[in-house]
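Here the structure comes first, spelled out in structure tokens, and everything after it is commentary.
What follows draws every value from the coordinates through simple rules; no lab data is involved. Fair warning: this is a prediction, and the values are worked out from it, not measured in the lab. All Cβ positions, even for glycine, are placed from backbone atoms using ideal geometry, and neighbour counts span all protein chains on display.
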Amino acid sequence: MIGDPPPGKSDQHGNPGELIAPGQTYAGITGRITSIPLAKQPPRAWYFGFAIGFALLMMLFLAVTWLLVKGVGIWGINMPVAWGFAIVNFVWWIGIGHAGTFISAILLLLFQQWRTGINRFTEAMTLFAVACAGIFPLLHLGRPWVFWWILPYPDTMGLWPQFRSPLVWDVFAVSTYFTVSLLFWYLGLLPDLASVRDMAETPLKRKIYGFFALGWRGSAAHWQRHQSAYLLLAGLAAPLVLSVHSVVSFDFSVAIVPGWHSTIFPPYFVAGAIFSGFAMVLNIIIPIRKLYRLEGFITTRYLNNMANIMLVTGEMVAYGYLIEAFMAWYSGDKFEEYMMHNRAFGPYGWVFWGLMVLNVAVPQLLWSRRVRTNTVLLFLVAFAINIGMWVERFVIVITSLQRDFMPSAWGMYTPTAWDWATLAGTVGLFLTLLFLFIRFVPMISISETRELVAEPKKIPA
Amino acid sequence: MPMNRHDHHPISETEDSGRIDISRIRRRLEEMHGLNYWRSLDEIAGTPEFQDFLHREFPSAASELKDEVSRRHFLKIMGASLALTGMAACTRQPVEKIVPYVKQPPELVPGKPLHYATTALLDGFATGILVTTHEGRPTKIEGNPDHPINLGATTAFGQAMVLDLYDPDRAQTVLNAGKPASWEAFLSVMNLEMRAQREKKGAGLRILSGCVTSPVFHSQMRALLAAFPLAKWCQREPVGLDTVRLGAQIAFGRAVETLYNFEKADVILALDADFLSTHPASLRYARQFSTRRRPDTADGMNRLYVAEPSSSITGAMADHRLSLAAGGIEALASALAHRLGLPGDDGGAGEHGGWIAAVAADLKRAAGRSAVIAGKGQPASVHALVHWINGALGNAGKTVVYTNAFDSELVNGMESLKKLVADIESGSADMLVMLGGNPVYDAPVDIDFSKALEKLKMCVRLGVDENETSRFCHWHIPAAHELESWGDARAFDGTVSITQPLIEPLYGGKTPLELIDALLRQPTRNSYTIVRDYWSAQNLPDFEKTWRKALSDGFIAGTAFETIAVTSAEPARTSNIRPGGGLELVFRPDPSVWDGRFVNNAWLQELPRPFTKLTWDNAALISPALAQREQLQNGDVVELEFRGRTLRIPVWILPGQAENSVTLHLGYGRQKTGRVGTGTGFNAYALRTSDALWFGSGLQIRKTGETYPFSTTQRHFNVEGRDIIREGTWQEFQSDPHFMSARTEPEPGRDDTLYSPDEFKYTGYKWGMSIDLNTCIGCNTCAIACQAENNIPTVGKDQVARGREMHWIRVDAYYRGGLDDPEISHQPVPCMHCENAPCEVVCPVGATVHDDEGLNMQVYNRCIGTRYCSNNCPYKVRRFNFLEFNAGMTSVQKMVKNPDVTVRSRGVMEKCTYCTQRINAARITAEKEDRKIRDGELVTACQAACPAEAIVFGDLNDPASRVSKLRAQPLSYGMLGELNTRPRTSYLGKLRNPNPEMKS
């Protein structure tokens, strides 16, 4: 087994370690990575993780069933806080879903090789996170069984969606993003599925993996077309990374609610999304890497680079907070001023200050390379950021609605057990899908990792 | 059924001989009318054996009814009875002639509502109402615009009475000792009882009723008392007018009623008098008062001074309000009397001497054009003082007029109740007939009414519901609801109003008239005959025509009491009145459940109380200063100890509450009531003694450390400097009518938009609403009227606590100034119907859209429930069906729904529609007549109900319409207009008229 590269050894950019541990061979890589899905039994820890995820998933089913039976009144939403956990969770999951495509597409286009060890994994994570996110806009509807009225379909009565509403844009943005991410992920997976097929020992496995490999034979023509298609999809996916959360931010910034109606929202949301996406990648990859002893493929270099991205986007997010407060004061708008004051010192002030600690103070630890390269500390920082980003959405959604224009209509929001159950339930869905993924699909790109062995020090021009 | 019997029952008609009295049976058969089948002679005779047989014939079912109800069987029986009541609801119209108010229909046109004039009662006093019926089921109450006491307005109680009609918890069968029995059986028992009473000249007979103004009932009682000269009639209301009448008796030496003409009063002083909302004539008073609050009033704005212990509707309208303990009012009145040259005591006012001096000067300046009024919660001595003060000011005959009293003798409910209980205790009274009322619950706690009831040989109660008192009664007769009854009553000015039924009694209920008639004679007459017979004997000119007109109008014109000149007794010298120290306990009727009678009415329960915005509960209202002293928070449970009795009740801190007064609202904490009222609130009667009916000092308050969750609809009462409510003074307005708009940020211009300002042209009608904050008294009637009109569900205490109440129009309250004596402003908030509606752009499915007349419409069918519209509504007037709030309604409950308005299901948004169904009805009428809808022809439900005419709706394209003229007034403004929403609902800024000589 390959251990961690010796710490402290840096490349010319000051990045610690290598992208792949030395001494890897083509056959070794293929064998090592395909051995995970082809293993007869997953490790004991897999069962443990899957069981947790599955139990939470069952809770989601329960919560959703009760929701469909009774209505959204089982949640804590009310007037004036008509949007609650459902929207907070939606934005949070969508944000998490940003890292995958960012890593795969944008870093691919920028010829950043440090995507190789983690791209498959993060793309899968993106899909699962978007799936989790996609549940909420449906469930939060008062009448979810007619959700399709939001789609433009040829209605005999000539009814169309109301295209001025950002919720309609949302549908397009999120569904496009999900589709492109899925295609991109699957396209990248084809050669690896073929590798698994080739390594499989039982006919059934060969059949199943062969079916999904779509007859990949690894011919030069295949590779040539695959590469150009992959690049083209990357080109398509890259703007989507920026657009999807911009559109999600329009849900808020198009409204006139103080605290929502802000032009900084699109870039601020995108930065926040990447911030939380990378945090989630780290939170998952650090234990998995340890569990499957993949430190040779996902080296500390990756962790360090992801931490750097988090640091940058974290500063952008902090800037967003600062500008929000500044604009509230600078605009002279009494509603904005009150909103900012209420955020910091109102009944949910403690949430706001918690957000400042989690999202602004804690990420400053990432300036230290010791933190960036220490898996435990990095895990904790990433965890704090994940919580922090959820709290950020809570602050935006709840404290803005809670006290808007009419003091007589001001209210409070208290989530119910069903709110928490639904949030935890989607975490269960996410974990379940994730554990199924690492059990049955090669979680590291075999073909691209082999490229690293071929040209381990390729530096783009 | 065996005819030969061995046991003799004392009350059977076969007594003495064991034989059936054939002549009696013949008579009974003659009395019966309609399809009454009889099975045996015993049945007709009503023998106990037959009753027993009836009971045994279906032994399983009969036993179910008296068993402790098992759940399964309860559901079975419920289901069966619901099916039956549903059928009962389909009964034909009453056979008596009833005359529609507006037009006489040749026949009932399905889908076309009819309107009938009838009468609503509260504490015996009539208000004229028009009832809308759809296919024979009453659905909506409107005020009768021709009726002199309410002039078209209604109270919240009046609006909500239609819900009581369909209350599934109403008494539905005659009960004998808790077992189902029949009216016929009751009659036969009464026959014997009355025979026994006749022998002792009625010495054991007592009738207990609430306050009764009905001429028919009075004549019946005269007949009864003539036949039973030793019988006694006790009229008593838990929150009645005893003090008012006693006060007049002291001042004038005779029983008179006092009526005010507030439209003639320039200066008004209300001493703990909530004349705008809890007086029997308050609808008329509110109208009169409001005519003098409009800035364009010809006679100038009036000035209102109020001294009171606890914020009232009237207190909030005051230009100068003094928070004063109820026990301090008398001293204040005495000081005022002194300053007006009457024997009084100047020193009693203490620190408020300056205040009352300024008020006295102002009253004197307006002598003959001023009015002083005291509330029923003040002792008779204060009322007498007020009469002398009005006399000294020369107001009598001008702003204050006197009429003959309803009863020739002084009615003192408290004294007659005491006498009644004493008679029962001594055994001299053995039979009690109660017409409604709930004395076991609401009698003063030092009178053990239930113990007295247990001593009675025969106790009968007629009531619409079974309550605490019913349990002690041998017979309980279901009463017909007012909307099911024939009857009459007088309004506070004396006008005789006729009650006619809108629907046949759902549960075969009887009216008080029928019950008293049954005591007097058998065969009994029905109440139609009783009422008609009485009035036909009254020498009315051309009776048939008068009678038909009375039914059509709802009242008999010209029956108001004539004003009389009164000579006042020598003013008594009141000296050395010093309010008691320490804490004071004050009792007031609850603004929603009154004395407890409306506790099972969900609309009223969920109606946010003025000022506190509490729903479903009452609280001990305490002042901020007391809260500070005792370190109490809203919802902290305290133990109140008052004259040896204790009550645990949570507190609510009410700004403007007199420092050392604790106010309890009566009517809550009921032990036996229906499903809605059970378990709500705390019983203030537990501390109410006959020597402190309204207030008393010597209260102890102890914090228990427990807390109680209240449900309120408004949590924040500070306007936060926003342009939501505009206020100023009459003086400022006179120097510059535009002073208000000059103070605030100008609204964006018409062209300050990226879109074409003429994107939508409203060429036909252009609906708009104007709400006058000067006249709005904050009485909440609009909210209930809207609820009744628009099928708005109630959601229950828990859902209100979660912020999910459904009212389409709410009355916001804002406080200004100090905590101890704040200025309070009310603001009714319906949908603003913005021309630039923020809700519309964000709906993904176009479920909220604008129509070509400017209505912001909600398309329930299209709504998928994203709630984005509500988030984007700056006024937060949208309401969402978070759950299925209409679930579980019985078929009888469903009858209250307005068929012209969709009943919304779970998951859709709803909000004020400007009563679009009324607009369409008016449009159809107008189009049939090939004309436009006339101004005033079309009124919204809130507008129709408003006592102060504060809400005006109409066509903004018609420059002559009232709403256009109001919008053109300098005080008119759009709430949060700076957001460029261009609201169609506008407000008229509130002016107060402070006395320039007073500081605050």
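For this structure, a couple of remarks:
- Nonlocal amide H pairs with residue B:278, under 5 Å, H built at 1.01 Å: none
- Gyration tensor verdict on chain A (Cα atoms; rounded if a/c is under 1.5, prolate if a/b is larger than b/c, oblate otherwise): prolate
- Of A:453, A:371, A:406, farthest towards positive along the dipole that unit charges on Lys, Arg, Asp, Glu beta carbons give chain A: A:453
- Tilt relative to chain B, helix B:183-199 - C-alpha long axis, 0 to 90 degrees, to 10: 70 degrees
- Only Lys, Arg (+1) and Asp, Glu (-1) charged, at Cβ; the protein assembly as shown dipole about Cα centre in debye: 3560 debye
- Note on the stretch B:839-888 and the stretch B:334-408: Cα centroid distance 53 Å, given to the nearest whole angstrom.
- Seen against the Cα atoms of chain A and their longest principal axis, helix A:203-212 is set at about 50 degrees.
- Our coupling estimate for the stretch A:257-264, obtained by passing each phi through the Karplus curve with A = 6.51, B = -1.76, C = 1.60 and θ = phi - 60°, is 5, x, x, 10, 7, 8, 6, 7 Hz, Gly and Pro reported as x.
- Most positive-pole-ward Cα, B:868, B:279, B:249, against dipole of chain B from beta carbon charges: B:868
- Straight-line reach from residue B:179: taking Cα to Cα under 19 Å and skipping same-chain neighbours fewer than 8 places apart, the aspartates and glutamates in range are B:43, B:49, B:52, B:57, B:64, B:67, B:68, B:169, B:454, B:465, B:466, B:468.
- Panel order for B:820, B:900, by other beta carbons found within 10 Å of each beta carbon, from fewest to most: B:820, B:900.
- The P(r) of the stretch B:375-482 has a tail past 19 Å containing 59 percent of all C-alpha pairs.
- Global geometry of the stretch B:256-404, whether rounded, prolate or oblate, following the gyration tensor of its Cα atoms and the 1.5 cut on a/c: rounded
- Averaged over peptide A:92-104, the number of partner chain Cβ atoms lying within 10 Å of each residue's Cβ comes to 0.
- Positive contributions from Lys and Arg (+1) and negative ones from Asp and Glu (-1), summed over other residues with Cβ under 12 Å from the Cβ of residue A:188, come out at -1.
- Charged neighbours of residue A:318, selected by a Cβ distance under 13 Å, balance to -3 (K, R count +1; D, E count -1).
- Residues whose placed amide H lies under 5 Å from that of residue B:681, excluding near-sequence neighbours: B:618, B:669
- Cα gyration tensor category, rounded, prolate or oblate, for the stretch B:599-650 with a/c compared to 1.5: oblate
- Measuring between their Cα centroids, the stretch B:410-447 and the stretch A:195-214 lie 94 Å from each other.
- Violating pairs (Cα-Cα greater than 27 angstrom) within the set B:200/B:451; B:376/B:455; B:510/B:894; B:876/B:990: B:376/B:455
- Note on residue B:545: lysines with a C-alpha under 17 Å away, same-chain residues under 8 apart excluded, are B:97, B:103.
- Average beta carbon contacts from partner chains per residue of B:881-893, 10 Å cutoff: 2
- Placing R0 at 45 angstrom, the Cβ-Cβ distance between residue B:521 and residue B:298 gives a FRET efficiency of 0.20 after rounding to 0.05.
- Set of the stretch B:675-701 residues, backbone N closer than 19 Å to the point 7 Å along the Cα-Cβ line of residue B:639: B:682-688, B:698-701
- Those lysines that a straight Cα-Cα span of less than 28 Å connects to residue A:290, excepting residues fewer than 8 apart in one chain: A:9, A:40, A:205, A:457, A:458
- Simple spin-label estimate for residue A:198 and residue B:415 in nanometres, 7 Å along Cα-Cβ: 11.4 nm
- Neighbours of residue B:590 by Cβ distance under 11 Å: Lys/Arg scored +1, Asp/Glu scored -1, total +1.
- Table column - 3J(HN,Hα) (Hz), the stretch A:236-246, Karplus curve with 6.51, -1.76, 1.60, x for Gly and Pro: 6, 6, 4, x, 5, 4, 7, 6, 5, 7, 4
- Helical mean residue ellipticity (222 nm; -39500 (n - 2.57) per DSSP H run of 4+; nearest 500) of chain B: -8000 deg cm²/dmol
- Gap separating the Cα centres of the stretch B:231-303 and the stretch A:244-297, nearest whole Å: 67 Å
- Neighbour counts of C-beta atoms inside 10 Å place A:115, A:197, B:222, A:439 in the sequence B:222, A:439, A:197, A:115, starting with the fewest.
- Dipole axis of chain A (+1 Lys, Arg; -1 Asp, Glu on Cβ), positive-most option in A:128, A:51, A:86: A:51
- Computed over the Cα atoms of the stretch B:437-542, the ratio of the radius of gyration to the Kirkwood radius (Rg/Rh) comes to 1.04.
- Peptides B:751-762, A:172-183, B:500-511 ordered by average Cβ neighbours within 10 Å, highest first: B:500-511, A:172-183, B:751-762
- Legend: calculated FRET efficiency, residue A:69 to residue A:412, from the Cβ-Cβ distance at R0 = 35 Å, rounded to 0.05, equals 0.85.
- For chain B, Kirkwood radius (reciprocal of mean inverse C-alpha pair distance, Å): 30.0 Å
- Ordering of B:283-290, B:826-833 by packing [mean C-beta count within 10 Å, highest first]: B:283-290, B:826-833
- Take each residue of peptide B:856-868, count the partner chain Cβ atoms within 10 Å of its Cβ, and average: the result is 5.
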